[in-house]
Amino acid sequence: MSVSGSKMAPSLTQEILSYLGLASKTAAWGTLGTLRTFLSFSVDKDVRRLLRAITGQGVDCRAIVEVLTNRSREQRQLIARAFQERTQQDLLKSLQAALSGNLERIVVALLQPAAQLDAQELRTGLKASNSAVDVAIEILATRTPPQLQECLAVYKHDFQVEAVDDITSESSGILRDLLLVLAKGGRDSYSGIIDYNLAEQDVQALQQTGPSTEKTWVLLFTQRNPEHLIRVFDQYQRSTGQELEEAVQNRFHGDAQVALLGLASVIKNTPLYFADKLHQALQETEPNYQVLIRILTSRCETDLLSIRAEFKKKFGKSLYSSLQDAVKGDCQSALLALCRAEDM
């Protein structure tokens, strides 16, 4: 297939450059998270410090925050096991008894295994009609296949029901179909081969009208790999003169529209998707602490630096300053510690 021509050259050049090592979005130290493994880790020292923090005269919230927001999730699990062996008490329950409010919620999120936290958030989201779509898309569409499998296994163990059964009972129509496919985790993996013919076929399929086209949209959005879909989105706009998001808004309504727009955002730029969610949570009359806590605790070891960069780029103000201005109380220091630093 010829790639000559003034219209193809720029996009093809950008595509080739995107696969070069220098554009891989992975820093030299291997993570774009703000929180990394603490190199001077001493599990005994941390256990003693936490024990003093909750058994001394008054609860030392600062010490609790300093320990838990400077250790990786794996290190926090080691601390919890060592605390249990030394005191015969559960660290999470001990801290819950000593704390309250949003700081308690942050500590719970930090000390739980990631899969357990995801399972609880997914269950809560599915049972709450006002947040089902947002939470379900966030967890089902942004976790890796192994993370998703572990989340669904914990979901079944903790709640004695399959997540797909709750999805079936708590949603309907296109939204239900979309969430069920996402829960299967069957998205194609990127092979490194650019299939221009398939991209063209998918663009044509998305332009079709009729009663069966909704299933086509669900299939493509949930099965194709993100690299392929980004090409499809770009080619769709060149072919129709309309951004794919506009087409979604014209064709779909209600929860189905929200889900497809959210999924498109995840596919095109996952850090920007999270930056948008954080900004929205901070713009409410009372900050949405559940969203802030879930995102900051779940992304701090993976891509929070990228999320911070997208936040500053789009909104002209750093995430750190935004948290500082909006968040009050004991939990402010914990969320700022997870965010880590100001972006100038």
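The values are calculated or read from the model by the stated rules, or taken from the named source; none is laboratory data. Every value quoted in this text rests on a predicted model; they were computed, and no experiment measured them. Don't worry about glycine lacking a Cβ; one is built from the backbone with ideal geometry, like all the others, and counts go over all protein chains shown. Accessible surface is based on the protein model in full, side chains and every heavy atom, while ligands, DNA and RNA are left aside. Shrake-Rupley method; radii C 1.70, N 1.55, O 1.52, S 1.80 Å.
Below, the figures for the structure above:
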quantity	calculated
Probe 1.4 Å, protein heavy atoms only - accessible area per residue of the chain in square angstrom	51
Using a Förster distance of 35 Å, the FRET efficiency for GLU85-THR124 (Cβ separation, nearest 0.05)	0.65
For the stretch 196-268: relative contact order, % (alpha-carbon pairs under 8 angstrom, 6 or more apart)	31
Rounded tilt (10° steps) of 132-142 against the dominant C-alpha axis of the chain	80
Size of charge dipole - the stretch 114-181 - debye, nearest 20, with Cβ of Lys, Arg +1 and Asp, Glu -1, no other charges	20
Over 23 Å (Cα to Cα) - which of LYS277/LYS314; LYS45/LYS93; LYS127/LYS156; LYS127/LYS314; LYS127/LYS268 fall in this group	LYS127/LYS314; LYS127/LYS268
In order through the stretch 301-309: 3J(HN,Hα) via Karplus (6.51 cos²θ - 1.76 cosθ + 1.60), integer Hz, x for Gly, Pro	9, 10, 8, 5, 5, 5, 4, 4, 5
Carbon and sulfur %, accessible surface of the chain computed with the full protein complex present, 1.4 Å	50
Cα long-axis angle, helix 270-283 against the chain (0 to 90 degrees, to the nearest 10)	60
Mean separation of Cα contacts under 8 Å (6+ apart) over length of the stretch 39-99, as relative contact order %	36
Relative contact order of the chain, defined on C-alpha pairs under 8 angstrom at six or more residues apart (%)	19
For the chain, calculated [θ]222 nm from helices alone, where every DSSP H run of n ≥ 4 adds -39500 (n - 2.57)	-21500 deg cm²/dmol
Full-stretch length increase - ASP188, GLU246 - with 0.36 nm per residue and alpha-carbon distance subtracted	18.4 nm
Nearest-ten-degree value, helix 8-18 long axis tilted from longest Cα axis of the chain	20
Size of charge dipole - the stretch 39-99 - debye, nearest 20, with Cβ of Lys, Arg +1 and Asp, Glu -1, no other charges	40
Span from the the stretch 35-71 Cα centroid across to the the stretch 142-214 one, whole angstrom	40
Student exercise, the chain dipole from Lys, Arg, Asp, Glu Cβ charges, in Debye to nearest 20	900
